Amino acid sequence: MSSDAAVTVGRIGALWRYPVKSMLGEPLTSVAVSEAGFEGDRRFGVVDAGTGRVASAKRPRRWQQLLQLQAEVAGPGGVRIRFPDGSSVRSGDPGADAALGAFLGVPVRLSGDAAPKAELERAVPDDVLAEGADADVAFTMLEIAAASPAGTFFDFSPLQLLTSASLARAGAAHPAGRLDARRYRPNVVIDTDPELAGFVENDWAGRRLHLGEAVVLDVVVPSPRCAVPTLRHGDLPPDPDALRIPLRHNFVDVPLDGFGAAPCLGVHAVVVTGGLLAIGDEVRLAG
């Protein structure tokens, strides 16, 4: 279907990138998009020096402290990581790995290139809900970047999108009456048109999105949620309901090996045509 036949579903309300996997991200007003997603997004990861696995807050007991670190792009091909005490290191600094290892309590290295078939540990979400983020629960192995360019540190695809409609629906079920989008680490938050309600992006899998004047995405699957939304994110306190709500209200099929049905919020997408995105750009949905 051509872009002329696409239907407007909303506008871009927020843009986020996460230069280092599992660290806090940075808000943007505009960003260049390529087949590798947002410029500077998930180009770095922390690697466990002992196992060679990619560190991820998906296994909270071991790596939840990553979500206390703030990452930001620092020049072409570089990243700066800020610690809670205000100190910082840059990629390439001689003491960067030692500083990260001291903070995380595990010898690590900061890598700008994910190894082929790199893996991470994903704690079973139900077990984390039942026993808490500090419990040593069962985990599975997940090969990263299955739908992303080689060398990147994405979980699966290079973009995650979330709608205000889904946030409102999930937030209405929360004791506080709202949910913070930052818990779900989207790249794009779409402010959906008022007539759209509920978990609308569930129906977008297999369809095409046009963002702004140039960017075209193919929506792949609903985004299955792990324990990460329940954890402390910087100044956001822990919140088990951030996972319990999609578990109870949006438990849907995810056509990926090893998932079946899962609690979902948002969607994964791949880039068909790159370009420049900015807050306020129109978002259109085609067949």
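The values are calculated or read from the model by the stated rules, or taken from the named source; none is laboratory data. Here the structure is a predicted model, which is why all the values come from computation and not from measurement. Methodologically, a virtual Cβ is constructed for each residue, glycine included, from the backbone with ideal geometry; neighbour enumeration extends over all protein chains shown. Calculation scope for accessible area: heavy atoms of the full protein, side chains included, ligands and nucleic acids excluded. Shrake-Rupley method; radii C 1.70, N 1.55, O 1.52, S 1.80 Å.
Comparing Thr51, Gly95, Gln70 along the charge dipole axis of the chain, the residue lying farthest to the positive side is Gly95, per the Cβ-charge model. Averaging the Cα positions of each part gives two centres, and for segment 1-66 and segment 136-151 these lie 14 Å apart. Surface composition of the chain: carbon plus sulfur atoms hold 49% of the accessible area, using a 1.4 angstrom probe and ignoring ligands, DNA and RNA.
For the chain, the antiparallel share of DSSP beta bridges with both residues in that region comes to about 90%. With each label modelled as a point 7 angstrom along the Cα→C-beta vector, the Ala176-Glu131 pair spans 2.7 nm.
Using a simple spin-label model with pseudo-atoms 7 Å out from Cα toward Cβ, Leu276 and Glu26 lie 1.8 nm apart. With contributions of -39500 (n - 2.57) from each DSSP H run of at least four residues, the per-residue ellipticity at 222 nm computed over the chain stands at -3500 deg cm²/dmol.
Distant-in-sequence amide contacts of Val79, defined by a placed amide H-H separation under 5 Å and a gap of 5 or more residues or a different chain, comprise Ala74, Ser91. For Glu143 and Ala261, a Förster radius of 22 Å and the Cβ-Cβ distance give a FRET efficiency of 0.60, rounded to the nearest 0.05. How would you classify segment 1-61 from its alpha-carbon gyration tensor, with a ≥ b ≥ c the square roots of the eigenvalues: rounded for a/c under 1.5, else prolate if a/b is greater than b/c, otherwise oblate? Prolate.
For a modelled paramagnetic label at Ala74, 7 Å from Cα along Cα-to-Cβ, the residues of segment 99-142 in reach, with backbone nitrogen under 18 Å, are 99-104, 108-113. The C-alpha radius of gyration of the chain, expressed as a fraction of 2.2 N^0.38 Å, stands at 0.96. Scanning the chain for trypsin sites (Lys or Arg not before Pro) in DSSP loops with at most 13 neighbouring Cβ atoms within 10 Å leaves 1-116 as the longest stretch between them. For Ala168 and Ser87, a Förster radius of 25 Å and the Cβ-Cβ distance give a FRET efficiency of 0.05, rounded to the nearest 0.05. Starting from segment 118-216, pick out the chymotrypsin sites (Phe, Trp or Tyr not before Pro) whose DSSP state is loop and whose Cβ has at most 15 other Cβ atoms within 10 Å. Filter output for segment 118-216: empty list. Applying 1/(1 + (r/R0)^6) with R0 = 41 Å to the Cβ-Cβ distance of Asp113 and Glu213 gives a FRET efficiency near 0.80. The GNM of the chain, with springs linking C-alpha atoms under 10 angstrom apart, assigns the highest mean-square fluctuation among Leu162, Leu129, Leu265 to Leu129. Would you tally the net charge around Thr230, using a Cβ to Cβ cut-off of less than 15 Å, leaving Thr230 out, and scoring K and R as +1, D and E as -1? Once positives and negatives cancel, what remains is +4.
Net charge of the neighbourhood of His268, taken over other residues with C-beta under 11 Å away and scored Lys/Arg +1, Asp/Glu -1, is -3. Shape class of segment 226-287 from the Cα gyration tensor (axes a ≥ b ≥ c, square roots of the eigenvalues): oblate, since a/c reaches 1.5 or more and a/b does not exceed b/c.
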